[in-house]
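In what follows, a structure is listed as structure tokens, so that the remarks can point back to it.
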């Protein structure tokens, strides 16, 4: 009988966490990036993340071998940025709160499919707990 209230609280917490995720605005799936060239990565913060204490993000890219891309939780690959992020307000039509990062594809990267990964860490709740999430896009390196 006491199990139902506990399960209800846990389900409610899980639903609220899932609604507090960040978004990767760019690059998008199928984008073509070029070795040694700059590109823009856009990290979007939904309004629901207001209660999240930001720790930082990492932006990384890794080659996919034989069409299989590594899982971000196992391996990030080449880290292009790691540090804080400070999304700023923009007009609602342009995506709300976000920050753009200018990054460069390493010249030594293999051509072909690759995975671009956004890793985000924040602290959630009144008694903060760590919340780690990944967003990615499958891109092509030329």
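The values are calculated or read from the model by the stated rules, or taken from the named source; none is laboratory data. Quick caveat: nothing in here was measured; it's all calculated off a predicted structure. Positions of Cβ are generated from backbone atoms using ideal geometry, with glycine treated the same way; all protein chains shown enter the neighbour counts.
General remarks:
- Unique match (being closer than 18 Å to residue 22 by Cβ and within 13 Å of the chain's Cα centre (by Cα)) among 57, 53: 57
- Which listed residue, of 45, 99, is surrounded by 13 or more Cβ atoms within 10 Å (Cβ to Cβ) and either under 13 Å from residue 21 (Cα atoms) or in contact with a helix residue (DSSP H, G or I) (Cβ under 8 Å, 6 or more places away or on another chain) (or both): 45
- Residue 114 touching a residue at least 40 places away in the same chain (Cβ under 8 Å) and assigned to a strand (DSSP E or B): yes
- Residue count, the range 16-38 (criterion: part of a strand (DSSP E or B), more than 14 Å from the chain's Cα centre (by Cα) and either modelled with pLDDT under 95 or under 15 Å from residue 62 (Cα atoms) (or both)): 2
- Flag for residue 86 being surrounded by fewer than 17 Cβ atoms within 10 Å (Cβ to Cβ), outside any strand (DSSP E or B) and either at pLDDT 95 or above or within 19 Å of the chain's Cα centre (by Cα) (or both): yes
- Subset of the range 115-138 (residues that are crowded, with 17+ Cβ neighbours inside 10 Å and within 15 Å of residue 26 (Cβ to Cβ)): 115, 116, 117, 118, 135, 136, 137
- Some residue of the range 132-139 being in contact with a strand residue (DSSP E or B) (Cβ under 8 Å, 6 or more places away or on another chain), within 26 Å of residue 35 (Cα to Cα), modelled with pLDDT of 95 or more and assigned to a loop (DSSP other than H, G, I, E, B): no
- Test: residue in the range 66-79 that is at pLDDT 65 or above, in contact with a strand residue (DSSP E or B) (Cβ under 7 Å, 6 or more places away or on another chain) and not in a loop (DSSP other than H, G, I, E, B): yes
- Where a residue in the range 81-92 is more than 18 Å from residue 55 (Cβ to Cβ) and its partner, wherever it lies, is surrounded by 12 or more Cβ atoms within 10 Å (Cβ to Cβ) and modelled with pLDDT of 85 or more, with Cβ under 8 Å and at least six apart: 88/97; 88/98; 88/99; 89/97; 90/97; 90/98
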